[in-house]
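The values are calculated or read from the model by the stated rules, or taken from the named source; none is laboratory data. The structure displayed is predicted, hence computed values, not measured ones. Cβ atoms come from the backbone with ideal geometry, glycine included; neighbour counts cover every protein chain shown.
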């Protein structure tokens, strides 16, 4: 009886092939992991900018309707908290009983020192304005 021991009949990967694949995966992971952190930071920054734009827009709309969140204040953080809490127009007119505010936004997150919408807002000419910087 003749036994056929051909190399072509063996199945599977050699140790060298497996090590090459693991090395390639390691290189790809080393490139990708730092970029994931930057993507998260970029997403947070985009959220802060969007919130700042919303706050400035609500403040401007409220002022046009007769509400003044800014008054004589020069403290952006205090004004932001007022805008988030919101207020209702009580004066007679087309906006009577209309609520102006951003109730879904967390005031603590919006005015934090290191991040948040506050770093993109300033008070100028009695208005809360989006600076984009």
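Hey, any hits in the range 63-74 for a residue that's without any contact (Cβ under 8 Å) to a residue 40 or more places away in the chain and in contact with a strand residue (DSSP E or B) (Cβ under 8 Å, 6 or more places away or on another chain)? Within the range 63-74 (the criterion being without any contact (Cβ under 8 Å) to a residue 40 or more places away in the chain and in contact with a strand residue (DSSP E or B) (Cβ under 8 Å, 6 or more places away or on another chain)), the answer is yes, since at least one residue qualifies. Being out of contact with any strand residue (DSSP E or B) (no Cβ under 6 Å at 6 or more places or on another chain) and surrounded by 11 or more Cβ atoms within 10 Å (Cβ to Cβ) is true of residue 102.
Residue 56 - would you say it is at pLDDT below 90, crowded, with 19+ Cβ neighbours inside 10 Å and either under 24 Å from residue 42 (Cβ atoms) or in contact with a helix residue (DSSP H, G or I) (Cβ under 8 Å, 6 or more places away or on another chain) (or both)? So residue 56 fails the test.
Checking the condition at pLDDT below 90, in a helix (DSSP H, G or I) and more than 26 Å from the chain's Cα centre (by Cα), which residue from 42, 8 passes?
8
In the condition set (1) more than 19 Å from residue 127 (Cα to Cα); (2) surrounded by fewer than 13 Cβ atoms within 10 Å (Cβ to Cβ); (3) without any contact (Cβ under 8 Å) to a residue 24 or more places away in the chain, residue 93 is compliant with all but (3).
Assessment of the range 79-89 against the conditions (part of a loop (DSSP other than H, G, I, E, B), surrounded by 16 or more Cβ atoms within 10 Å (Cβ to Cβ), touching a helix residue (DSSP H, G or I) at 6+ places or on another chain (Cβ under 7 Å) and at pLDDT 90 or above) yields at least one matching residue.
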